[in-house]
Amino acid sequence: MATHRALIVDDEADIRELLELTLGRMDIDTEAAATLAEARAALERGRYDLCLTDMRLPDGSGIDLVREIQQRHPELPVAVITAYGSMESAVEALKAGAFDFVSKPVDLGVLRNLVHSALRLRDTEYPGRDRRSRLQLLGDSPAMRQIRSTIVKLARSQAPVYIAGESGTGKELVARLIHEKGPRADKPFVAVNCGAIPADLMESELFGHRKGSFTGAVADKEGLFQAANGGTLFLDEVADLPLHMQVKLLRAIQERAVRPVGAQKEVPVDVRILSATHKDLAALVREGAFRQDLYYRINVIELRVPPLRERPEDIPQLARHILERIARNTGIRVPALADDAMEALQAYPFPGNVRELENILERACTLAEGEVIRAEDLRLPERAPLGDEGPSPAGLEPGAMPLEDYLEQVERDAILKALERTRYNKTAAAKLLGITFRALRYRLKKLGLE
């Protein structure tokens, strides 16, 4: 006996028949409607677990139905059927609130994946809904409450999400929460830093390769798209993709398939794409450094993560959480923050955001005498830096600090920036700084940054 019901809205009898047959084989009851009016009547009298609608209907657009379902039946996933190659209409449907889309001619494998995801979304027991997560997006500021609410809504969709924000704001954490709270939670979450992969290896890393396709390809290897199959692929620092890879990424997203290096055929993949960068992607599009068509494809929905300086009221909670974690990891008692230390933290602009707060508190735990951290233990720069490039001692007035301290701060900032740019890969950071790995280790120890 079927346990789920689907509403199919399409004026073409052969498409309706194909969808009804496919869903019937998946043990799903179906009801068909040929017009918007019939669909509205069906929605009024019945309950459904999924709706599939064509974009073009005799009495209106499938987009209109998507919007109506969003308003009147927000719990109902609705997917649209689009004409082949009509990515503009697919993106418009996703922006209107569609769960996902499938293109004509309908690929039955893609359709079945879509249906399974939609039904997991409707099932109150799908993995990730009620389990207690170890992931936390802390902060009670209005901005963070809004982001947590938005994450829950975004998790219900399969639309690509572009996460904007400065370095250190927690963009990957946001991506992981979107994945964990959605119907793909029991499938892989694969994060890739596009800026950390050498350009000549990027295609192989993303799409995989076949044995013998190039020197060193001693065996078949699956790419990150295949590793994320059924789940979510998070493209961090997507702005760093070279133009030739942007073209191939766009095709992979649109065709829902990848071609491994050296392969003759494409391999179908079912992944949800989330992306992020600390750069201004729209500005890069205007400059011709990022493809406009890819920008619109990955930026169906944009979510901005605010910098820490815009929400200083969250700093006490964040600081307590970080100190508790440091204490657990090091086996010490949780240090307390003196009033002057908390005031200093809330007055500091944090160009490195939450990641910088973590580094400052880790250092302070080492420097503090006793179990109370005071303002002087924080070693905050004496003057707020300009822009978001990090502390800049060169901006200090002459005599603002002793020369030795000034030079140490210059060295510290250069090392922290290099580590940030290389995602804390010390070998890559040493190369970027033009020093040996051994020299970098010495400096890290000397500056208390290990």
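The values are calculated or read from the model by the stated rules, or taken from the named source; none is laboratory data. None of the values given here were measured: they were computed from a predicted structure. We place every Cβ from the backbone using ideal geometry, glycine too, and count neighbours over all the protein chains shown. Ligands, DNA and RNA are excluded from the accessible area calculation, which covers all protein heavy atoms including side chains. Shrake-Rupley method; radii C 1.70, N 1.55, O 1.52, S 1.80 Å.
Of the residues making up the range 120-146, those that are modelled with pLDDT of 80 or more and open to solvent by 10 Å² or more (accessible area, probe 1.4 Å) are 120, 136, 137, 138, 140, 142, 143, 145, 146.
Candidates are the residues of the range 304-315 that are open to solvent by 30 Å² or more (accessible area, probe 1.4 Å) and within 18 Å of residue 361 (Cα to Cα); the one that is nearest to the chain's Cα centre (by Cα) is 309. How many of the residues making up the range 3-30 are under 36 Å from the mean Cα position of the chain (by Cα) and not in a helix (DSSP H, G or I)? Counting residues in the range 3-30 that are under 36 Å from the mean Cα position of the chain (by Cα) and not in a helix (DSSP H, G or I) gives 13. Residue 241 passes every criterion in (1) more than 19 Å from residue 107 (Cβ to Cβ); (2) open to solvent by 20 Å² or more (accessible area, probe 1.4 Å) apart from (2). Can you name every residue in the range 359-384 that is open to solvent by 50 Å² or more (accessible area, probe 1.4 Å), within 34 Å of the chain's Cα centre (by Cα) and not small (Gly, Ala, Ser)? Listed by number, the residues that qualify are 359, 362, 366, 379, 383. On the given criteria, is residue 44 open to solvent by 20 Å² or more (accessible area, probe 1.4 Å) and either more than 21 Å from residue 117 (Cα to Cα) or assigned to a helix (DSSP H, G or I) (or both)? Criteria met by residue 44.
Name, by its number, the condition in (1) in contact with a Ser or Thr (Cβ under 9 Å, 6 or more places away or on another chain); (2) within 23 Å of residue 157 (Cβ to Cβ) that does not hold for residue 251. The one condition residue 251 does not meet is (1). Applying the criterion of being open to solvent by 70 Å² or more (accessible area, probe 1.4 Å) and outside any helix (DSSP H, G or I) to the residues of the range 75-95, the residue that is farthest from residue 12 (Cα to Cα) is 75. Inspect the range 204-218 for any residue being modelled with pLDDT under 95, surrounded by fewer than 19 Cβ atoms within 10 Å (Cβ to Cβ), outside any helix (DSSP H, G or I) and on the phi > 0 side of the Ramachandran plot and give the result as yes or no. Yes: the range 204-218 contains one or more residues that are modelled with pLDDT under 95, surrounded by fewer than 19 Cβ atoms within 10 Å (Cβ to Cβ), outside any helix (DSSP H, G or I) and on the phi > 0 side of the Ramachandran plot. Of all the listed residues (7, 21, 50, 36), the sole one being at pLDDT 90 or above and open to solvent by 60 Å² or more (accessible area, probe 1.4 Å) is 21.
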